[in-house]
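Everything below concerns the one structure shown next.
What follows is calculated from the coordinates using simple rules that are stated; it is not laboratory data. Here the structure is a predicted model, which means the values were calculated and not measured. Glycine also receives a Cβ, built like all others from the backbone with ideal geometry; neighbour counts cover every protein chain displayed.
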Amino acid sequence: MVHYISAMQDRLLQLLPEAKTNVPLAPYTTFHIGGPARYFFIARQKEDLVHAVEAAKKLHIPLFILGGGSNVLVSDKGFNGLVVKIEIQGIDWKQQKDENVRVCVCAGEQWDHVVALSIEKNLFGVENLSGIPGTMGAAPVQNIGAYGAELKDTLDEVEVFNKKTTQFEKLSADACKFHYRESIFKKKEGESLIISEVSLLLKTNGQFRVQYKDIDRYLSDHQIKNLSLSMLRNIILEIRQRKFPDLREVGTAGSFFKNPILRKKEFQKLIAKFPEMPFYELDQDRVKVPVAWILDRICRLKGKTKGSVGAYERQPLVLINTGNATANEVKEFAYEIIRNVKEKTGISIESEVQLVGKF
Ligand SMILES: Cc1cc2nc3c(=O)[nH]c(=O)nc-3n(C[C@H](O)[C@H](O)[C@H](O)COP(=O)(O)OP(=O)(O)OC[C@H]3O[C@@H](n4cnc5c(N)ncnc54)[C@H](O)[C@@H]3O)c2cc1C
């Protein structure tokens, strides 16, 4: 076995000389949790990505693509394969004939840096998504969303490297099959696609989207009438600061669960039991309910802890690692919440955070 591992290691290092072995993944995640990657490689150019995929294919080892590690819970056993961290940089702004701007962003750029630059250039479209951690390449994976906006509202095209065809390909926004926290990249049909670049269409003359309850309340409380893009960004950053812990101090992957989407029949049963529950009608037959409200008002989880894992005191949807929590402890804590919600409401909630490696 020892022989086999070192032979494999030698072959991988021949194919990818800059790869490292046995690299702890905890420092590469915002939860600060996770065992080692058997192999770890940073892709700084698109060609690096090609070489990494070819190497993993040749040696038949599993591959995991890592961005900023802000939406993953990595197993304590780590990942028995090649982890490729995407750090491909580059942003290209293209003025369109209709005065809008197309911005092509490489996958390793920080999402919030792109938002800040867009606002500096007075371009509308991504301002409500201010302050979301992570990379551009991961943003389409769960169609990041916040404060009444989603990535899909501005996304024009995605460039992917297809592990099956070993070619770069383009996907239109429609082909990405975006829904609430969903896309083709989370499904079996998209599992061979690695995002290398994303194009967004931003507007020079857009409209502010301020209907979302928290923004609307902030504007009226502060009697703000003349809004600018940078003011809206700062308001959103301030609201977010109140809801999320400081990543420099506390480990977290943000909201751990997705808001459940219920059929009308199921929803009617729930609202009859909890008439004060807020909700959002998606269409004639589907209603989205805020899981944060259920965790807070029905399950009373705010501030609840078990060992080093907890439901954040200001927002119980945010699970936190207060010290040396293991991935297993976080998973068990999350499963307990899922069971608790099922018992009290009858509805099933799902994790938004991706579990990586064997649990
Ligand atoms: C404090 C906090 C607040 C947050 N707030 C929000 C929020 O308001 N709205 C929201 O939607 N999310 C939010 N998130 C979740 C997270 O920031 C987003 O999901 C983000 O897009 C993850 O980016 P990442 O680069 O860290 O991805 P990672 O965590 O590294 O990866 C996430 C998934 O994407 C895959 N992936 C990464 N890069 C690529 C690529 N180039 N090609 C293909 N697959 C890839 C990974 O394999 C993994 O499955 C929050 C997280 C935190 C910690």
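The table below lists the values:
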read-out	value
Sequence-separation-based contact order of segment 78-178, relative, with Cα cut under 8 Å and 6+ spacing, percent	17 percent
Burial ordering of T326, T21, T165, fewest other beta-carbon atoms within 10 Å first	T165, T21, T326
Nitroxide proxy distance, nm - points 7 Å out along Cα→Cβ at Q89 and K164	3.5 nm
Antiparallel bridge percentage (DSSP; both residues within segment 17-93; nearest 5)	30 percent
Amide H within-cut-off set for I42, under 5 Å, with H built and near neighbours excluded	K85
Segment N22-N205, length gained on full extension (0.36 nm per residue, minus Cα span)	60.9 nm
Across K85/K358; K94/K187; K152/K302; K46/K258; K46/K288, pairs whose alpha-carbon gap is larger than 29 Å	K94/K187; K152/K302; K46/K258; K46/K288
Loop GluC sites (Glu not before Pro), segment 1-68, which have at most 15 other Cβ atoms in a 10 Å radius of their Cβ (DSSP)	E18
Mean Cα-pair separation over length for the chain, i.e. relative contact order, pairs under 8 Å, 6 or more apart, %	16 percent
Residue order, fewest to most beta carbons within 10 Å, for Y312, Y212, Y28	Y212, Y28, Y312
Additional length obtainable on full extension of the chain from R248 to E313, 0.36 nm per residue less Cα span	21.7 nm
Cα radius of gyration and Dmax for segment 31-114 (Å)	16.1, 53
Kirkwood hydrodynamic radius of segment 1-141, Cα pairs, Å	16.6 Å
Backbone HN-Hα couplings from phi across segment 33-49 [Karplus 6.51/-1.76/1.60, Hz, Gly and Pro as x]	9, x, x, x, 8, 4, 10, 9, 9, 9, 8, 9, 10, 4, 5, 4, 4
Two-decimal ratio, the chain, of alpha-carbon radius of gyration to 2.2 N^0.38 Å	1.04
Over segment 91-202, volume per residue of the alpha carbon convex hull, in Å³	97 Å³
In Hz, Karplus ³J(HN,Hα) per residue of segment 176-192 (6.51, -1.76, 1.60; θ = phi - 60°; x = Gly, Pro)	6, 6, 6, 9, 4, 6, 9, 6, 4, 5, 9, 9, 4, 5, x, 5, 8
Evaluated at q = 0.13, 0.17, 0.18, 0.21 Å⁻¹: base-10 log I(q)/I(0), Debye formula over Cα of segment 251-356	-0.47, -0.76, -0.83, -1.07
Order of V53, V105, V23 under a 10 Å beta carbon neighbour criterion, fewest first	V23, V53, V105
Hz values of 3J(HN,Hα) by residue in segment 316-326 - Karplus curve (6.51, -1.76, 1.60), Gly and Pro given as x	x, 5, 8, 8, 10, 9, 8, x, 10, 5, 9
Residues with amide H under 5 Å from that of E150, placed H, sequence gap 5 or more	none
